[in-house]
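For reference, the structure is listed below as structure tokens.
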Amino acid sequence: MKRLLKTIKTILLALLGIMMIGLIFGFAKPIWRHFVTYPKFQRQVEAFALRKKECPDVTGLKTYRGVMHLHSYWSHDSKGTISDLIDAAKLRKINFIFLTDHPHGNIDSFPRGYRRGMYDGVLLEPGSEKQGFDAWPLKDGVVNWNVNKDSVSKQIVSNGGIVFYAHSEEPHNWNNPWYQGMEIYNFHTNVKLKSATWPILTDFLINGSKYRAWAYRTIFDRQTAILAHWDSLNTHRKIVGFSAVDEHENVNFRARYTKDGRIQLMGIDTKPVGIYKVSFLNRWLLDAPDKDGWIFKWMLVNTYETSFNNSVNYLFADSLALNNISHHIIEGHHFTAFRFLADATGFCYYGAGSDGKIKGMMGDSIKIGDVQMLTAVSPYPGRFTLIKDGKTLDVTEGETYQYSFDKSLTNGAYRLEVEVKPGSEWQPWIYTNPIYLY
Ligand SMILES: [Zn+2]
């Protein structure tokens, strides 16, 4: 009997030892990042921010920062409230939010549970993510998703709305003449294309609260295939590129009181985990209910606050009025920037005549004879890559960018990518929409 107990004890200790070694190995990288790598990155970005310089106003328009393709409580897989959204937008200086909630059925109505318009200085516009579309009808009414996809996009776009393609790695009818643009960056595509989820999970478990922006960057990919596809589409007609945050605020744990005074715990995808009695043990874990009623919140990843600091659309427009903002979105007068690296306000990419004056900016078509050079002003120094119809034409480091044409100038779509170097490595920072020369 004694020997048997001893054997069991040895086996248990060995198992415990194996588990400990596994945990140490599994968590070694994220722990190292927590204490060494990410604090270093943070210091480098803060030092880099001091290099910001004022940019001349080229366009005469204002720059607005916006997030597009994201979800609120109206979607089955989100519990984000309007006040969660607006608080995060104000913290991150986001001016417009274009939501894409999953519709409740095939008959999709606007308005829905919340009203469109200004909330504390932030423009909020409802839209739908359905059948691979990011759709914003921009007016009240009903969208009938029972008809085929091409008819839906025709219906929305011909009535003045916007249809962009979501999740560009997925199949779409790229020949559909009605869609106006596509996602060129989506955080979910990044995650999906990774072969192992364990390193992502452990990194967010260890670094999810303090260094979430850097955990995002660790799994960042340039999404080269999507960008190449976008370039090839733009050789046929204008396809606007934008970045999707695809935010749900749902990879986290929350709790609230039920009507009868018990505690309801919700887990990932806001699925209910269970209902518990209030006890001495759980009472000390809980806070007083916040304004949305939450008494416990443990947010690991995918929060509005982090996403609104990650991929942001910088848009040139006259005002925050919906018709003006949506007009410039459709025109492609915007670029994507990874804001946690550096705020890109002030950046502009445009075509200039021989007098140096602007003839058109990203998203515009300009006559070859009218433009002498492609130029960019930037609040931060960077490495500028000019891409024509998918081929790299020029790479230059500098404070600003200028590409003067010679006689070999031909028509095509010219877009710019900008990288910054806050530390020892170049980091993708900006993707502009193309300038179309004809
Ligand atoms: Zn989505």
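The values are calculated or read from the model by the stated rules, or taken from the named source; none is laboratory data. These numbers come from a predicted model, not from an experiment. Glycine also receives a Cβ, built like all others from the backbone with ideal geometry; neighbour counts cover every protein chain displayed. Keep in mind that these areas ignore ligands, DNA and RNA; they rest on the heavy atoms of the full protein, side chains included. Shrake-Rupley method; radii C 1.70, N 1.55, O 1.52, S 1.80 Å.
Structural remarks
- Scanning region 60-91 for residues that are of a type in the set (G, A, S), within 30 Å of G360 (Cβ to Cβ) and more than 14 Å from the chain's Cα centre (by Cα) yields one hit, G60.
- Residue match in region 148-157 (condition: of a type in the set (A, V, I, L, M, F, W, C) and either at pLDDT below 90 or in contact with a helix residue (DSSP H, G or I) (Cβ under 6 Å, 6 or more places away or on another chain) (or both)): no
- Close pairs (6 angstrom Cβ cut-off, 6 or more residues apart or separate chains): more than 16 Å from A28 (Cα to Cα) in region 188-210, within 16 Å of the ligand (Cβ to nearest atom) and open to solvent by less than 70 Å² (accessible area, probe 1.4 Å) anywhere: H188/D246; T189/E169
- Qualifying positions in region 128-155 - among the charged types (D, E, K, R) and either assigned to a loop (DSSP other than H, G, I, E, B) or within 16 Å of the ligand (Cβ to nearest atom) (or both): E129, K130, D134, K139, D140
- The set of residues in region 409-430 that are closer than 27 Å to Q42 by Cβ, open to solvent by less than 30 Å² (accessible area, probe 1.4 Å), in contact with a Phe, Trp or Tyr (Cβ under 6 Å, 6 or more places away or on another chain) and in a strand (DSSP E or B) comprises E417, V418, V420, W429, I430.
- Qualifying positions in region 232-247 - under 24 Å from P30 (Cα atoms) and either open to solvent by 10 Å² or more (accessible area, probe 1.4 Å) or at pLDDT 95 or above (or both): none
- The residues of region 191-226 that are within 21 Å of D389 (Cβ to Cβ) and either over 14 Å from the mean Cα position of the chain (by Cα) or open to solvent by 50 Å² or more (accessible area, probe 1.4 Å) (or both), listed by number, are R222, T224, A225, I226.
- No other residue among H188, H229 is surrounded by 15 or more Cβ atoms within 10 Å (Cβ to Cβ) and within 16 Å of the ligand (Cβ to nearest atom) apart from H188.
- The condition of being without any contact (Cβ under 8 Å) to a residue 60 or more places away in the chain, in a loop (DSSP other than H, G, I, E, B) and more than 16 Å from the ligand (Cβ to nearest atom) holds for K259.
- Within region 67-78, residues that are within 9 Å of the ligand (Cβ to nearest atom) sit with their Cβ atoms under 6 Å from residues that are modelled with pLDDT of 90 or more and open to solvent by 10 Å² or more (accessible area, probe 1.4 Å), at 6+ positions apart or across chains, in these pairs: S75/H102.
- Unique residue being farther than 23 Å from N324 by Cα, open to solvent by 30 Å² or more (accessible area, probe 1.4 Å), in contact (Cβ under 8 Å) with a residue 60 or more places away in the chain and of a type in the set (A, V, I, L, M) when the list is L91, L12: L91
- Flag for R116 being more than 24 Å from T345 (Cβ to Cβ), in contact with a strand residue (DSSP E or B) (Cβ under 7 Å, 6 or more places away or on another chain) and surrounded by 14 or more Cβ atoms within 10 Å (Cβ to Cβ): yes
Quick grid of which residues meet (1) within 15 Å of the ligand (Cβ to nearest atom); (2) closer than 30 Å to T432 by Cα; (3) open to solvent by 30 Å² or more (accessible area, probe 1.4 Å); (4) among the aromatic types (F, W, Y):
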| residue | (1), (2), (3), (4) |
| --- | --- |
| G26 | no, no, no, no |
| I31 | no, no, yes, no |
| D57 | no, yes, yes, no |
| K62 | no, yes, yes, no |
| F98 | yes, yes, no, yes |
